[in-house]
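S.K.: Quick one: the structure is below, and I'll ask about it shortly.
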Amino acid sequence: MSTISIEVGSLVLSLAMATAAGLIGCFAVMRRMTLAADALSHVALPGIAVAVLLRLDPLLGAIATLAAGTVLIWAVEWRTAISTETIVGVVFSVALAVGAMMTSGETLLDALFGGAGKITGLEVILGLIAAAVIVGFVAIKRHALVVALVSPDIALTCGIDVRRLDLMYLLMFALTVVLGLRYLGVLLMGSLMIIPAATARRLAGNLNAMFAVSTTVAVLATLVGTYAATLTHRESGPLIITVAGGLFFLSLLRPRADSV
Amino acid sequence: MNQSNVSNEKQAAASKAGHPILVVEHLSVAFGALEVFRDVSFSVARGSALAVIGPNGSGKSVLFRALIGAEKSSGVIRWAPGVRIGYVPQKLDIERDLPLTGRDFLRAKAAVARTGFDAIRRAIERVGIAPETLKRPIGAMSGGQFQRLLIAFALVGDPNVLMLDEPAAGVDAPGQERVSETLERLRERDGVTVMVISHDLSVVFRHATNVICLARGLKSFGAPREVLTPKMLSELYGTEIGFHVHDLD
């Protein structure tokens, strides 16, 4: 694949990642699980560190620890009496610390804040497939997710397996984190899933509007941040999140949708 | 569905009337060492109306949650095959700024129940929700509007059992009357089995086929006239209750 087509592929993948992040983040914000969702991305760091030590693809390590972190959150929510926030606050912060100890220099910076680096055609294709799976999941399961977030008890009587749905949602969330690690890193990826959705929650008056606003904010922040990174020769991750944050603060100027 | 199918279904429902749609035997629920209730047994006939009464904390809502499988329990809960439950929980804490409208919520039920939008129209007509109300976020609805929305939600998908946990809570007097009428009509016309948790003894007396009195266990189960005696009510609530059956005759 030529350099230009790889650059285009990387941009397309980043926009697909932003779309997935905008959509999946809506339910994290509506379910009030922003802390857990944001911290989940941190658990990728020790995976990346171990993979680098073993000379494996860092993404493989990230996938392994994210999958483990996802199952941990899910199990804690459903099987123990300990509050999810406590577990998330302890375990995922420790994971970040351990990962940071095992990594150093440029690898650590890239892992924390993202560093696009070189991307292969295969990575672009696999990434686009993953993004399509996430978007498809939200499109198909949005109704069940809505019922379950209003009342898990009502969802049960509608024949929805709430535990299974919860696990599927968290896995899709983790997959979105994996998609964004290259661009935003373990510290910032969670933010691209939370900030656009939080902006949309302020502006939208219904579910479809929330999806539309959240996706637009995520894509716009990614486009503007990437462009600004090219102009200033900086990494794109911090710029993307700064733009998203700016859009959120702008949204505060508008009265809430429910008070109009 | 054509007219004859509807008629056949009603006949089938009528022929099954009286057969238990739910059998509960020796049901117990405990939260760790705290026993909520134990050894509760009763059955619910198809097309009947069951009311559950009892003081606060007696386990009424827990009983309903156990029946729908949301609460761990021991004992036997046997629903008849083909049961479709419409459940209205007691109180839901919905954030005011949640960007979900009444329409989003009902459409979600229609999609999950694999039924058309026509079912939504029928449901909102039955409970008397104005279509404009459905455009509001569910967290911004009044207590009465949201309660009616929950009942409409339960009705989408044509349930044959309705379980309502204090459906009149937060609803104004005309609204309460409408809820009672709707439930009565659903039971009489469509053969829907209705199970209600209620504190309104006059409503229970008027509409229930059977009453369960719950207080850490089954205190009493039977027809309202047999169960709602001053002695039982006094035992149940631990105080004199100003409720007299002859007032309602």
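The values are calculated or read from the model by the stated rules, or taken from the named source; none is laboratory data. All values reported here derive from a predicted model rather than from experimental measurement. A quick note on method: Cβ atoms are made from the backbone with ideal geometry, for glycine too, and the neighbour counts reach across all protein chains shown.
S.K.: Please give the number of the condition B:Val127 fails out of (1) within 14 Å of another protein chain (Cβ to nearest Cβ); (2) closer than 24 Å to A:Leu156 by Cβ; (3) in contact (Cβ under 8 Å) with a residue 24 or more places away in the chain; (4) surrounded by 15 or more Cβ atoms within 10 Å (Cβ to Cβ).
M.R.: (1)
S.K.: Something else about it: Considering each residue of the stretch A:127-163, count those that are in a helix (DSSP H, G or I) and within 14 Å of chain B (Cβ to nearest Cβ), and give that number. Before the answer, list the steps.
M.R.: At the first step, the residues of the stretch A:127-163 found to be in a helix (DSSP H, G or I) are A:127-150, A:152-157, A:162-163.
Narrowing further to those that are within 14 Å of chain B (Cβ to nearest Cβ): A:138-150, A:152-157, A:162-163.
Going through the stretch A:127-163 one residue at a time, the tally reaches 21.
S.K.: Something else about it: Only residues in the stretch A:200-211 that are touching a residue at least 12 places away in the same chain (Cβ under 8 Å) and at the interface with chain B (Cβ under 7 Å from one of its Cβ atoms) count as the first member; pair them with residues that are basic (Lys, Arg) and surrounded by 22 or more Cβ atoms within 10 Å (Cβ to Cβ), Cβ under 7 angstrom, at least 6 apart or cross-chain, and list the lot.
M.R.: Matching pairs, first to second residue: A:Met210/A:Arg201.
S.K.: Does the stretch B:137-144 include one or more residues that are modelled with pLDDT of 85 or more, in a helix (DSSP H, G or I) and surrounded by fewer than 23 Cβ atoms within 10 Å (Cβ to Cβ)?
M.R.: yes
S.K.: Of all residues in the stretch B:158-194, which are on the phi > 0 side of the Ramachandran plot and in contact with a strand residue (DSSP E or B) (Cβ under 7 Å, 6 or more places away or on another chain)?
M.R.: Result: B:Glu166, single match.
S.K.: Another question about this same structure. Out of the residues in the stretch B:71-87 that are charged (D, E, K, R) and more than 15 Å from B:Ser43 (Cα to Cα), which is surrounded by the most Cβ atoms within 10 Å (Cβ to Cβ)?
M.R.: Ranking the candidates gives B:Glu71 first.
S.K.: Something else: Consider B:Val52 carefully, then state whether it is farther than 23 Å from B:Ser180 by Cα, away from chain A (no Cβ under 13 Å) and β-branched (Val, Ile, Thr).
M.R.: Details: farther than 23 Å from B:Ser180 by Cα: no; away from chain A (no Cβ under 13 Å): yes; β-branched (Val, Ile, Thr): yes.
Taking the combined requirement at face value, the residue does not satisfy it.
S.K.: Let me ask another. Taking only the stretch B:154-176 into account, find how many residues are among the β-branched types (Val, Ile, Thr) and away from every other protein chain (no Cβ under 14 Å).
M.R.: 1
S.K.: Filter the stretch A:155-180 down to residues that are touching a residue at least 24 places away in the same chain (Cβ under 8 Å) and farther than 17 Å from A:Ala244 by Cβ, then give me how many there are.
M.R.: 13
S.K.: Which residue pairs have Cβ atoms under 6 Å apart, sit 6 or more places apart or on different chains, and have a first residue in the stretch B:98-117 that is more than 10 Å from every other protein chain (Cβ to nearest Cβ) and over 15 Å from B:Gln145 (Cα atoms) and a second that is buried (at least 24 other Cβ atoms within 10 Å of the Cβ) and of a type in the set (D, E, K, R)?
M.R.: Pairs that qualify, where the first residue is more than 10 Å from every other protein chain (Cβ to nearest Cβ) and over 15 Å from B:Gln145 (Cα atoms) and the partner is buried (at least 24 other Cβ atoms within 10 Å of the Cβ) and of a type in the set (D, E, K, R): there are none.
S.K.: Can B:Asn210 be described as in contact with a strand residue (DSSP E or B) (Cβ under 7 Å, 6 or more places away or on another chain) and under 21 Å from A:Ile154 (Cα atoms)?
M.R.: no
S.K.: Counting residues that are within 16 Å of the chain's Cα centre (by Cα) and over 21 Å from B:Gln147 (Cβ atoms), which strands (runs of 3 or more DSSP E) fully inside the stretch B:174-223 reach at least 3?
M.R.: B:210-214
S.K.: Out of A:Met168, A:Met193, I need the residue that is surrounded by fewer than 21 Cβ atoms within 10 Å (Cβ to Cβ) and either part of a helix (DSSP H, G or I) or of a type in the set (Asp, Glu) (or both). Which one?
M.R.: A:Met168
S.K.: Search the stretch B:93-110 for residues being of a type in the set (Asp, Glu) and within 13 Å of A:Val29 (Cα to Cα), and hand back the single one that is surrounded by the fewest Cβ atoms within 10 Å (Cβ to Cβ).
M.R.: B:Glu95
S.K.: Go through (1) on the phi < 0 side of the Ramachandran plot; (2) buried (at least 19 other Cβ atoms within 10 Å of the Cβ); (3) touching a residue at least 40 places away in the same chain (Cβ under 8 Å); (4) not polar (S, T, N, Q) for A:Leu53 and report which single condition fails.
M.R.: Condition (2) is where A:Leu53 drops out.
S.K.: Any idea which of (1) modelled with pLDDT of 80 or more; (2) more than 18 Å from A:Val186 (Cα to Cα) is the one A:Ile87 doesn't satisfy?
M.R.: Every listed condition holds for A:Ile87 apart from (1).
S.K.: Has the stretch A:99-110 got any residue that is of a type outside the set (S, T, N, Q), surrounded by fewer than 13 Cβ atoms within 10 Å (Cβ to Cβ) and farther than 20 Å from A:Pro46 by Cα?
M.R.: Within the stretch A:99-110, none of the residues are of a type outside the set (S, T, N, Q), surrounded by fewer than 13 Cβ atoms within 10 Å (Cβ to Cβ) and farther than 20 Å from A:Pro46 by Cα.
S.K.: Here is a list of conditions, (1) in contact with an Asp or Glu (Cβ under 9 Å, 6 or more places away or on another chain); (2) closer than 27 Å to B:Gly47 by Cα, and B:Ala123 meets all of them except one; can you say which number that is?
M.R.: (1)
S.K.: Looking at the stretch A:175-187 only, could you name the residues that are crowded, with 24+ Cβ neighbours inside 10 Å and either of a type in the set (Lys, Arg) or farther than 16 Å from A:Leu13 by Cβ (or both)?
M.R.: The answer is A:Arg182, A:Val186.
S.K.: Among (1) surrounded by fewer than 19 Cβ atoms within 10 Å (Cβ to Cβ); (2) within 12 Å of chain A (Cβ to nearest Cβ); (3) among the aliphatic types (A, V, I, L, M); (4) under 16 Å from the mean Cα position of the chain (by Cα), there is one condition B:Ala45 misses while meeting the rest; what is its number?
M.R.: Here B:Ala45 meets the rest and fails (2).
S.K.: Test A:Phe27 against the stated conditions and say whether it is within 14 Å of chain B (Cβ to nearest Cβ) and either buried (at least 20 other Cβ atoms within 10 Å of the Cβ) or closer than 30 Å to A:Asn206 by Cα (or both).
M.R.: Against the criterion (within 14 Å of chain B (Cβ to nearest Cβ) and either buried (at least 20 other Cβ atoms within 10 Å of the Cβ) or closer than 30 Å to A:Asn206 by Cα (or both)), A:Phe27 qualifies.
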